Structures are given as C-alpha cells and as structure tokens.
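K.L.:
Let me give you the structure first, and then I'll get to my questions.
The values are calculated or read from the model by the stated rules, or taken from the named source; none is laboratory data. Nothing here was measured: the structure is a model prediction, and the numbers come from that model. Counting neighbours? That spans all protein chains shown, and the Cβs are built from the backbone with ideal geometry, glycine included. To get the accessible areas, we keep the full protein, side chains included, count just its heavy atoms, and leave off ligands, DNA and RNA. Shrake-Rupley method; radii C 1.70, N 1.55, O 1.52, S 1.80 Å.
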Amino acid sequence: MNRQLLCYAAAAIIVALLPYVGVYPIFAMKVMCYALFACAFNLLLGYTGLLSFGHAAFLGSAAYAAGHAIKIWGFPTELGLIFGTAVAAALGLVMGLLAIRRSGIYFAMITLALAQMVFFYFLQAPFTGGEDGLQRVPRGTLLGFIDLSNDLNLYYVVMGIFAIGYFIIWRTVHSPFGQVLQALRENEPRALSLGYDVDRFKLLAFVLSAAIAGLAGATKTLVFVSATLSDATWQMSGLVILMTLVGGLGTLTGPILGAFIVVLLENKVGDFGRFMANVTGNEWFLRLGESVTIVIGLIFIICVLAFRRGIVGELQAFVARRRVSSS
C-alpha cells in the first residue's frame, strides 16, 4: 500500500509539473477529462461486467447541463459542475432502471438505443444550439477568487477534479461494495445465491459510473468553453471502449493510459505525417492526418492480437510471472 501511495504521489508531482516542461495545458486537460471518462466506464465494464454502448449520453448531458447552467442561468462554476454531474446521475438512474432488466448483448443494445434517443433530443432541443453546439461558456471563478480564464489555474482545478473522481473509483473498487461488483462480474448466479440483491448493486454501479462520466463531461465544457453534439454521439461511446481495452480492462491505471494514447493519436498523427513527409519526401504521409481513425483502428487491432489484457494488464501479468518464477 505504501508503495502504491508513493507511485500515486510521484505521478501527481509529474502531472503538476507538465505545464512547466512545455506540455500544452489544454492538451493535458483534455487527456485528464477523457481519462476520467474512461475510468468511469471501466468501473462498469471492468469491475461489474456490464458493457454499455451508451456512455456518451452521460458525458454529453453533463456537458450541456453544466454549460447551460453557467452561461444562461448564471450558476457559479462549482455549482454548474455539480449540476451537470447530478443531471448525468439522474439520467443514469433512468437508463439503469430500464437496462439492468436485461444482460449481455441485450443490455448493451438497450443502452445504445437510449443514448441515441438522448442524442436526437440534443440535436433538436433549442438550448443546445443544435449542430453548432453551446458556445462561449464562461469559465468564471472557482470559490469566487480563482480565475479560471487563466489556463494554468484551470489546469490545476481539472487535475484536482480528476484526482477526486479517481479516488472515488479507487475507494469503490477496494470497498466491500466493490468486491460484490467483482463477484457479479465473475459469477452472477452464485452472488444471487448468497443473498445479494443483484439488480440493486448493478443499478448503483451504473449510476455511480454515469455520475463520474458526467463529472468528466462538465469539466470538459470548462476546458473547451463549449458543449457539442460530438460529446453525445455513439462514436464517443465506442471511443471510450477503445480507450479502456487498449489501456487494460479491469485495471485502475489502464484507462488513463488508453485515453492518453487515443488523444495523442488524434492530435499528433498529422504532425507525425508531416515530419515523415519532410524526412522521406513521400507525400503519402501527409494523408495520415486525414486517416486518424484508420491509425487508431490499426492500433486497436494490434493491441487485441498482441495485448489481450491491454497494455497495463499485460505488464501486470508479466510482473506476476516474474515473481512466481523468481520465488
């Protein structure tokens, strides 16, 4: 435990110093928002065994709710974030009550259908701005004195929000409640035979995952001062699955690594293509920037074939094998 705390402390110090070593704060904040979103999804799939194809609904609903509350209703920034998270949790409760009645692929399809209903509502609702999105959301101040229009101030606020969300997930996983969730994932009939209210535990996990995903969406609205339809599309639900599988399903740090890899590819593939075109003189590399989804797809195929447990999962398995062989 002490070693784990030291690792977390070292990681926090490194992340806190990133803006001072040339890392663009907006890029790092985007990674943290998506990492928190992926961790929330991993809590549901990796530790409960429930595959949701509609998690973007929670990201998008919180983004719109927080943005509207801050811009139109004049909510303070902290209350806007709380309101967005609460809206996502409420939506998670409604969707969960409908979805947990089924399991497996039927559960996944119900969440996808409900998320698409939410998407089309956002597309037509007047307060969302339709395809233009909700623009120019003021960042405001935190607690009345921290100016969030300063990227560096916002960076540390986002870092704190991510730390809170991650701690909630970590504490949940290592609690008796988390142990029951993992028992449901491994053998639901046996958990039912032991007297656990399976549906109630599933619903609680679903709502908690939705709330943390909503916190990520509300925070993302502050970072980009906007909320758009891309936050609620089915492609976003697929992207968070990709992040989780690439990083390592059922691991606490895997989704963070997966989110970093996906965001890095989205932002830097074009730059890498231009670099390779200049070095090799082959203009074909210039097309990489237009083929980000193809590159991400190839990375996903490689990870599925070579890293079945995800990158972090494979590293943990390798360390475990080394310990067994050395002992």
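K.L.:
Identify the residues of segment 223-250 with backbone N under 16 Å of a label point that sits 7 angstrom from the Cα of Ile302 along the Cα-to-Cβ direction, or state none.
P.N.:
Counting only backbone N, you get 243, 246-248.
K.L.:
Measure off, as a whole percent, the carbon and sulfur share of the 1.4 Å-probe accessible area of the chain, all protein chains present.
P.N.:
67
K.L.:
Taking 0.36 nm per intervening residue step and subtracting the Cα-Cα distance, what contour gain separates Tyr24 from Tyr156 on full extension?
P.N.:
Using 0.36 nm per residue and subtracting the Cα-Cα distance, I get 46.2 nm.
K.L.:
What distance in nm separates the simple spin-label points at Val324 and Trp170, each placed 7 Å from Cα in the Cβ direction?
P.N.:
That separation, rounded to one decimal, is 2.8 nm.
K.L.:
Roughly how many debye, to the nearest 20, is the charge dipole of the chain about its Cα centre, given +1 on each Lys and Arg Cβ, -1 on each Asp and Glu Cβ, and no other charges?
P.N.:
840
K.L.:
Below 8 Å between Cα atoms, with a sequence gap of 6+, how large is the relative contact order for the chain in percent?
P.N.:
29
K.L.:
Continuing with this model, one more query. Please arrange Met236, Met109 by accessible surface area, largest first, computed with a 1.4 Å probe and ligands excluded.
P.N.:
Details: Met236 15, Met109 85 Å².
Putting Met236, Met109 in descending order of accessible area: Met109, Met236.
K.L.:
Can you give the Rg to Rh ratio for segment 36-79, taking only C-alpha atoms and Rh from Kirkwood?
P.N.:
Here Rg/Rh amounts to 1.15.
K.L.:
Sorted by average packing, counted as other Cβ atoms within 10 angstrom per residue and highest first, what order do 66-72, 116-122, 31-37 take?
P.N.:
31-37, 66-72, 116-122
K.L.:
Determine, from the Cβ-Cβ distance of Val295 and Asn2 and an R0 of 41 Å, the FRET efficiency 1/(1 + (r/R0)^6), rounded to the nearest 0.05.
P.N.:
Working: r = 40 Å, r/R0 = 0.98.
For Val295 and Asn2, the calculated efficiency is 0.55.
K.L.:
Once you order the gyration tensor axes a ≥ b ≥ c over the Cα atoms, which shape class does segment 1-126 get: rounded for a/c under 1.5, otherwise prolate or oblate by comparing a/b with b/c?
P.N.:
Oblate is the answer for segment 1-126, as a/c is 1.5 or above yet b/c matches or exceeds a/b.
K.L.:
Over segment 4-122, average the accessible area per residue using a 1.4 Å probe and give it in Å², no decimals.
P.N.:
Roughly 42 Å² per residue, with all protein chains present.
K.L.:
Taking only C-alpha pairs under 8 Å that are 6+ residues apart, what is the relative contact order of segment 1-105 in percent? Present the calculation step by step, with values, prior to reporting the outcome.
P.N.:
Details: 47 pairs, mean separation 20.5, N = 105.
Computed value for segment 1-105: 20 percent relative contact order.
K.L.:
Please report the projected area of the chain's Cα convex hull averaged over all directions, in nm².
P.N.:
19.7
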